[in-house]
1. Please find, among 87, 83, 102, 95, the residue that is assigned by TED's automatic domain parsing to the domain that holds residue 197, buried (at least 20 other Cβ atoms within 10 Å of the Cβ) and either touching a strand residue (DSSP E or B) at 6+ places or on another chain (Cβ under 7 Å) or at pLDDT 95 or above (or both).
2. Is there any pair with a first residue in segment 267-278 that is over 21 Å from residue 295 (Cβ atoms) and a second that is loosely packed, with under 11 Cβ neighbours inside 10 Å whose Cβ atoms are under 9 Å apart and which are 6 or more apart or on different chains, and what are they?
3. How many residues are surrounded by 20 or more Cβ atoms within 10 Å (Cβ to Cβ) and touching a strand residue (DSSP E or B) at 6+ places or on another chain (Cβ under 8 Å) when one looks only at segment 15-30?
4. Is it the case that segment 229-239 has a residue that's in a loop (DSSP other than H, G, I, E, B) and either modelled with pLDDT of 95 or more or loosely packed, with under 14 Cβ neighbours inside 10 Å (or both)?
5. So which residues in segment 272-302 are touching a helix residue (DSSP H, G or I) at 6+ places or on another chain (Cβ under 6 Å) and either in the same structural domain as residue 231 (by TED's automatic domain parsing) or assigned to a helix (DSSP H, G or I) (or both), if there are any at all?
6. Which of the residues spanning segment 33-48 are assigned to a loop (DSSP other than H, G, I, E, B) and out of contact with any strand residue (DSSP E or B) (no Cβ under 8 Å at 6 or more places or on another chain)?
7. In this structure, does residue 269 turn out to be modelled with pLDDT under 95 and either under 35 Å from the mean Cα position of the chain (by Cα) or outside the structural domain of residue 153 (by TED's automatic domain parsing) (or both)?
8. Do we have residue 165 as over 26 Å from residue 244 (Cα atoms), more than 10 Å from the chain's Cα centre (by Cα) and touching a residue at least 40 places away in the same chain (Cβ under 8 Å) here?
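The values are calculated or read from the model by the stated rules, or taken from the named source; none is laboratory data. Computed from a predicted structure; not experimentally measured. So basically every Cβ, Gly included, is an ideal-geometry build from the backbone, and we count neighbours across all protein chains shown.
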């Protein structure tokens, strides 16, 4: 327990035979329950966890018969912690990439009731650029920017960090069955948390790499999928939060910006056609293009600003 709150750690594990024991042994003693979800591993992960459970009665093993992805494994752990009425549920991966020294800073905002969800942020650590593979740092930074816009949590960075903590209330309110089951899960859950007006806190943590872990993330494949999740989630959040729950005119700014910027694309094609094919540029078309671009960007920025103001207390 911590501050009289029960603490559980969910450990999603897929083919982690090399590091799962190290990950489990690194979990602080204050934790009341360790929920390991073996996501249909094809190696010796399950047997190693069972051996560890003989030495540590806090370990509770759940085995998926079919691989559901890291998000699916976390959701299974979340449901178990919720049903156990655990006050604070933390996620620590089975590859030992989460520093136990950061455990207290991650759980404290939840335990004290000042936040409903915390996310570790590795990007602002002093040596992050040197410690994190550069292609992953840049890919993560891009997805973090897109997640800010889609989720409404403009203060959150490192959207792909899996080192998180969540309150029991949030677990009970979220529709866990609708959360995306694979690598886009951290992005999707932020959108769902914002729809319900839960407070989310960024916690600076130390990145851990090059300890023998093997990443299954392929950025060229993952980024388009997560971008689509964010696009769909963005419009769902706007509809649910600013039309259905509580009407806000920012929805008109976003819609108008899409219309104007879309028109600017068509005008650019028309302008290019006149310039290449006919050798001249109609002044009216050029003026319309400039107007649509400037007006489209202005309305887009106004929509973002209103969104920031509306969500400024959710931190």
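1. Details: 83 fails: buried (at least 20 other Cβ atoms within 10 Å of the Cβ); 102 fails: buried (at least 20 other Cβ atoms within 10 Å of the Cβ); 95 fails: either touching a strand residue (DSSP E or B) at 6+ places or on another chain (Cβ under 7 Å) or at pLDDT 95 or above (or both).
Of the residues listed, the single one that is assigned by TED's automatic domain parsing to the domain that holds residue 197, buried (at least 20 other Cβ atoms within 10 Å of the Cβ) and either touching a strand residue (DSSP E or B) at 6+ places or on another chain (Cβ under 7 Å) or at pLDDT 95 or above (or both) is 87.
2. Short answer, once both residue conditions are applied: 274/280.
3. Selection size over segment 15-30: 4.
4. Taking segment 229-239 and keeping what is in a loop (DSSP other than H, G, I, E, B), we get none.
No, segment 229-239 has no match at all.
5. Correct list: 285, 288, 289, 292, 293, 295, 296, 299, 300, 302.
6. Going through segment 33-48, the residues assigned to a loop (DSSP other than H, G, I, E, B) turn out to be 39-44.
Correct list: 42, 43, 44.
7. Details: modelled with pLDDT under 95: yes; either under 35 Å from the mean Cα position of the chain (by Cα) or outside the structural domain of residue 153 (by TED's automatic domain parsing) (or both): yes.
Against the criterion (modelled with pLDDT under 95 and either under 35 Å from the mean Cα position of the chain (by Cα) or outside the structural domain of residue 153 (by TED's automatic domain parsing) (or both)), residue 269 qualifies.
8. Details: over 26 Å from residue 244 (Cα atoms): yes; more than 10 Å from the chain's Cα centre (by Cα): yes; touching a residue at least 40 places away in the same chain (Cβ under 8 Å): yes.
Yes: the conditions hold for residue 165.
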